[in-house]
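Okay, structure first, notes after.
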Amino acid sequence: CYWLLNLDMAARAADILGHHDDAARYRARFKEIGQTVHQHFFNAASNSYANGEQPYLVFPLILGITPPEQQPLVRQQLMKTILETDKGHINSGLHGCWLLFNYLMANGRNDVIYTMVSQTTYPGWGYMLEQGATTVWEEWNGNNSRLHSTLLAVGNWFSEGVGGLRADPAHPGYKRFLVEPGPVGAVNRAKASFNSPYGQIRSEWRKETGRFKLDLQVPPNSSALVSIPASEASRVRENGRPAAEARGVRFVRMEGGRAMFECDAGRYAFAVE
């Protein structure tokens, strides 16, 4: 699967650089190897891969080598593994944490990440804190180094999952970026910023008396695709007016209980009525 991940990144880079023949060759190899990986490692009886642990379920889903008709079954097995088999704990090492959190964020499952991050029993970051840790350990049980750069994927979740600031893979360099705030669990507010090549991006959201509010800064010569939790687009307002009618804002679609808006450069104050 790491071989496939490298081929995918190489194909994307080749396309961006205009080397389309190279990209086509990488993708042909990706398809060949991907089919072999699925045939060799997939367990149809349990809808899982390899030994069925969290990283081995999520990696084929990220790469798209799981056939479309089997993807819902593997996703269901992943949720069962996290929430039932592992009782809401993370069960992965360095690389698997990164893969797992990226997949869950991309698929709107901040609630599952919140469950894993909130655990205070072994294994997990909460367990480290309960044991008096002030730095991140090399291993969940505290063996070896206790000041290590391994299990740090949780940090990315705070900025991209909760704060909601993400790069748009289709627009390299933050010419266009994604804003998808993640109100989840007991988290009632968050703010995040990023110094992009076009200037500072700032996002601050909060829940006040049951209302969701988002203040956003989109730097010059860039744009943002903003995803706001709302049952209907008509409930979203920007500076007191319907968001779809606000200057620099265009309604795109409703998706998964969220209203999606395209925003030009500027400052915005969104609120859900």
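Can you compute the charge dipole magnitude of the range 170-273 about its Cα centre, using +1 on each Lys and Arg Cβ and -1 on each Asp and Glu Cβ, nothing else charged? Give it in debye, rounded to the nearest 20. Show your work: numbers first, answer last.
On the way: 17 positive and 11 negative charges, 33 e Å.
Value, rounded to 20: 160 debye.
Under 8 Å for C-alpha pairs, at least 6 residues apart: give me the relative contact order for the chain, rounded to a whole percent.
Details: 471 pairs, mean separation 25.7, N = 273.
Over the chain, the number comes to 9 percent.
Per residue, how much accessible surface does the range 97-158 expose to a 1.4 Å probe? Answer in Å², no decimals.
Numbers: 3100 Å² over 62 residues.
Result: 50 Å² per residue.
At 7 Å along Cα-to-Cβ for each site, give me the label-to-label distance between Met254 and Lys31 in nm.
Taking the two extended label points, one gets 3.7 nm.
Equivalent ellipsoid semi-axes for the chain, as square roots of 5 times the alpha carbon gyration tensor eigenvalues: give them largest first, rounded to whole Å. Before the final figure, lay out the partial values.
On the way: eigenvalues 213, 134, 70 Å².
Those come to 33, 26, 19 Å.
Using a 1.4 Å probe, how large is the accessible area of Glu204, given in Å² and rounded to the nearest 10?
Spelled out: Glu204, probe radius 1.4 Å, area about 70 Å².
At a probe radius of 1.4 Å, what is the per-residue accessible area of Glu160, in Å² to the nearest 10?
Using a 1.4 Å probe on the heavy atoms, I get roughly 50 Å².
Viscosity 1.002 mPa s, temperature 20 °C: give me the Stokes-Einstein translational D for the range 94-207 in µm²/s, with Rh taken as the Kirkwood radius over C-alpha pairs.
Working: Rh = 15.3 Å.
It diffuses with D of about 140 µm²/s by this estimate.
In what order, largest first, do Lys191, Lys207 sit by accessible area if the probe radius is 1.4 Å? Could you put the intermediate results ahead of the total?
Details: Lys191 150, Lys207 85 Å².
Of Lys191, Lys207, the descending order of accessible area is Lys191, Lys207.
Determine the shape class of the range 173-273: with a ≥ b ≥ c the square roots of the Cα gyration tensor eigenvalues, call it rounded for a/c under 1.5, and otherwise prolate if a/b is greater than b/c, oblate otherwise.
Details: a/c = 1.73, a/b = 1.26, b/c = 1.37.
Note, shape of the range 173-273 comes out oblate.
Kindly rank 218-231, 250-263 from highest to lowest mean number of other beta carbons found within 10 Å of each residue. Walk me through the numbers on the way to the answer.
On the way: 218-231: 19.6, 250-263: 15.7.
So the order, starting with the most tightly packed, is 218-231, 250-263.
Can you give me the accessible area per residue for the range 37-85, using a 1.4 Å probe, in Å²? Write down the numbers at each step before the final one.
Details: 2560 Å² over 49 residues.
Accessible area per residue: 52 Å².
Can you send over the carbon and sulfur percentage of the accessible area for the chain, probe radius 1.4 Å, protein chains only?
On the way: 7340 of 14410 Å².
The nonpolar share, carbon plus sulfur, comes to 51 percent.
Give, to the nearest whole percent, the P(r) tail of the range 52-134 beyond 15 angstrom, counting all Cα pairs.
Working: 1928 of 3403 pairs.
Of all Cα-Cα distances in the range 52-134, 57 percent exceed 15 Å.
Run lengths n ≥ 4 of DSSP H only: what is the helix-derived mean residue ellipticity at 222 nm for the chain, with -39500 (n - 2.57) per run over all residues, to the nearest 500? Kindly include the intermediate steps, with their values, before the conclusion.
Values: 8 runs with 89 residues, N = 273.
Taken over the chain, the calculation gives -10000 deg cm²/dmol.
Could you do me a favour and compute the accessible area per residue for the range 182-242, 1.4 Å probe, result in Å²?
Values: 3170 Å² over 61 residues.
I get 52 Å² per residue for the range 182-242.
About the Cα centre of the chain, what is the dipole size in debye to 20, counting +1 per Lys and Arg Cβ and -1 per Asp and Glu Cβ, all else neutral? Please report the intermediate quantities before stating the final value.
Details: 28 positive and 26 negative charges, 142 e Å.
The dipole magnitude comes to about 680 debye.
Can you order the peptides 74-80, 104-110 by their average number of other Cβ atoms within 10 Å per residue, highest first? Show your work: numbers first, answer last.
Details: 74-80: 16.7, 104-110: 18.6.
In descending order of packing, they fall as 104-110, 74-80.
Can you sort Trp3, Trp137 by 1.4 Å-probe accessible area, starting with the largest? Mind showing how you got there, number by number?
Values: Trp3 140, Trp137 10 Å².
So the residues, ranked largest to smallest area, are Trp3, Trp137.
Can you give me the Cα centroid spacing of the range 23-51 and the range 157-219 in angstrom?
Taking the Cα centre of the range 157-219 as reference, the centre of the range 23-51 is 34 Å away.
Can you give the accessible area of Tyr198 in Å² (nearest 10), computed on protein heavy atoms with a 1.4 Å probe?
Approximately 80 Å² of Tyr198 is accessible to the 1.4 Å probe.
Roughly how many debye, to the nearest 20, is the charge dipole of the range 229-273 about its Cα centre, given +1 on each Lys and Arg Cβ, -1 on each Asp and Glu Cβ, and no other charges? Let's see the in-between values first.
Numbers: 8 positive and 7 negative charges, 16 e Å.
Around 80 debye, computed over the range 229-273.
The values are calculated or read from the model by the stated rules, or taken from the named source; none is laboratory data. Just so it is clear, the model here is predicted, and its values are computed rather than measured. Counting neighbours? That spans all protein chains shown, and the Cβs are built from the backbone with ideal geometry, glycine included. Ligands, DNA and RNA are stripped out before the accessible areas are found, and what is left, the full protein with its side chains, is counted by its heavy atoms. Shrake-Rupley method; radii C 1.70, N 1.55, O 1.52, S 1.80 Å.
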